[in-house]
Amino acid sequence: MPPAHLLIIGDRAALSWVIAEQRMAFPAGRSKAARAMAEGEEVFLYTTRGCFRNPTRDLGRVIGRATITSPVRVLDEPVVFNERSFTEGCRLKVSGLAPFRESLVLRDLVPRLSVFPDPATWSVRMRRASLTLPPADAELVRTELDPLLRPYGETRGGCRWESAAA
């Protein structure tokens, strides 16, 4: 079974773009990790606590599931969010999204996920663009997330947020 990954998204405008365009972009400093992902691999979309600019209210959530449909490559034109440039990217096919704030709270699964060997410091591992999941962890996330997902066509319209600069 090919690896699965968490795509970690910390900005609502970037999340809107990822969902609408069915693409993912990575900053230049994350090239090695990004290129470790391959066409056909499964990804889970994860939004950080700060993604919607209210970390005291919001939780880090796994909100969707997708498949990588193209190799990660240098983009012809970098994508920019909040003055941060993303120079590499790939295409995605989003298969499902959970309704806003009705998705899977990742911290609830942390004690059962081997990718986080120390549950007390799990959030440190989330300070990156992606995180590869061991097969058993991917299966657990998939099992917990799937009942919450709705088809992409039904949910994508509710995933539009203005730029953080707005």
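Number of residues in segment 49-83 that are within 22 Å of ALA36 (Cα to Cα) and either touching a strand residue (DSSP E or B) at 6+ places or on another chain (Cβ under 9 Å) or hydroxyl-bearing (Ser, Thr, Tyr) (or both) equals 15. Among PRO78, PRO119, which is the only one that is modelled with pLDDT under 95 and touching a Pro at 6+ places or on another chain (Cβ under 7 Å)? Matching residue, one of PRO78, PRO119: PRO119. The conditions of being small (Gly, Ala, Ser), modelled with pLDDT of 90 or more, open to solvent by 80 Å² or more (accessible area, probe 1.4 Å) and over 20 Å from SER16 (Cα atoms) are not met by ALA136.
Within segment 102-126, being in contact (Cβ under 8 Å) with a residue 40 or more places away in the chain and open to solvent by 80 Å² or more (accessible area, probe 1.4 Å) holds for GLU102, ARG107.
Please verify whether segment 139-158 includes one or more residues that are at pLDDT below 90 and assigned to a loop (DSSP other than H, G, I, E, B). Within segment 139-158 (the criterion being at pLDDT below 90 and assigned to a loop (DSSP other than H, G, I, E, B)), the answer is no, since none of the residues qualifies.
Within segment 101-124, the residues that satisfy the criterion of being closer than 19 Å to GLY50 by Cβ, not in a loop (DSSP other than H, G, I, E, B) and not β-branched (Val, Ile, Thr) are LEU104, LEU106, ARG107, ASP108, TRP122, SER123.
The values are calculated or read from the model by the stated rules, or taken from the named source; none is laboratory data. All figures in this text were calculated on a predicted structure; none of them were measured in a lab. Every residue, glycine among them, receives a Cβ derived from its backbone with ideal geometry; neighbour counts consider all protein chains shown. Each accessible area value is taken on the protein alone, full model and side chains, heavy atoms only, with ligands, DNA and RNA left out. Shrake-Rupley method; radii C 1.70, N 1.55, O 1.52, S 1.80 Å.
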